[in-house]
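This report concerns only the one structure given below.
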Amino acid sequence: MAVQKKIPLRKCVATGEMKPKKEMIRVVRSKEGLVEVDPTGKKSGRGAYLSKTRIAVETAKKKNVLAHHLEANVPDEVYEELLKFVEKES
């Protein structure tokens, strides 16, 4: 009998929906306060997950959700990088 592997779920900070970790993109704040996109999901620091949809990225930018969760100022370049990543994925 095959053992079913547990799939880790994460909550999107913009939309609030729960999805498997592989369907999300992580944004991380390092100890130095640098905020960057973490496509591998393995960088150290405080992280927040977003769904890989344009709506989630735009909602996060409009409501300033990432800055609140990461407790740091999120530059516009991070949102631009997220949008490029989302468009590449779809």
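Computed quantities for the displayed model
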quantity: Partner lysines for LYS5 [C-alpha distance under 27 Å; skip if fewer than 8 residues away on the same chain]; calculated: LYS19, LYS21, LYS22, LYS42, LYS43, LYS52
quantity: Region 9-89 - charge dipole about Cα centre, Lys and Arg +1 at Cβ, Asp and Glu -1, debye rounded to 20; calculated: 420
quantity: With at most 15 neighbouring Cβ atoms within 10 Å, loop trypsin sites (Lys or Arg not before Pro) (DSSP) excluded, longest segment of the chain; calculated: 44-90
quantity: Under the Karplus curve 6.51 cos²θ - 1.76 cosθ + 1.60, θ = phi - 60°, whole-Hz ³J(HN,Hα) for region 72-81, x wherever Gly or Pro sits; calculated: 7, 6, 9, x, 4, 4, 5, 5, 5, 5
quantity: Relative contact order for region 9-89, counting Cα pairs under 8 Å that sit 6 or more residues apart, in percent; calculated: 30
quantity: Most mobile listed residue (ALA14, ALA72, ALA56) in the chain, GNM with C-alpha springs under 10 Å; calculated: ALA72
quantity: Cα extents of region 9-89 along the three principal axes, largest first (Å); calculated: 28, 24, 23
quantity: Cα lying deepest toward the dipole's positive end in the chain, options HIS68, TYR79, THR15, charges on Cβ; calculated: THR15
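We did not get these values from a lab; they are worked out from the coordinates using the rules stated. The structure presented is a predicted model; accordingly, all values stated were derived computationally and were not measured. A quick note on method: Cβ atoms are made from the backbone with ideal geometry, for glycine too, and the neighbour counts reach across all protein chains shown.
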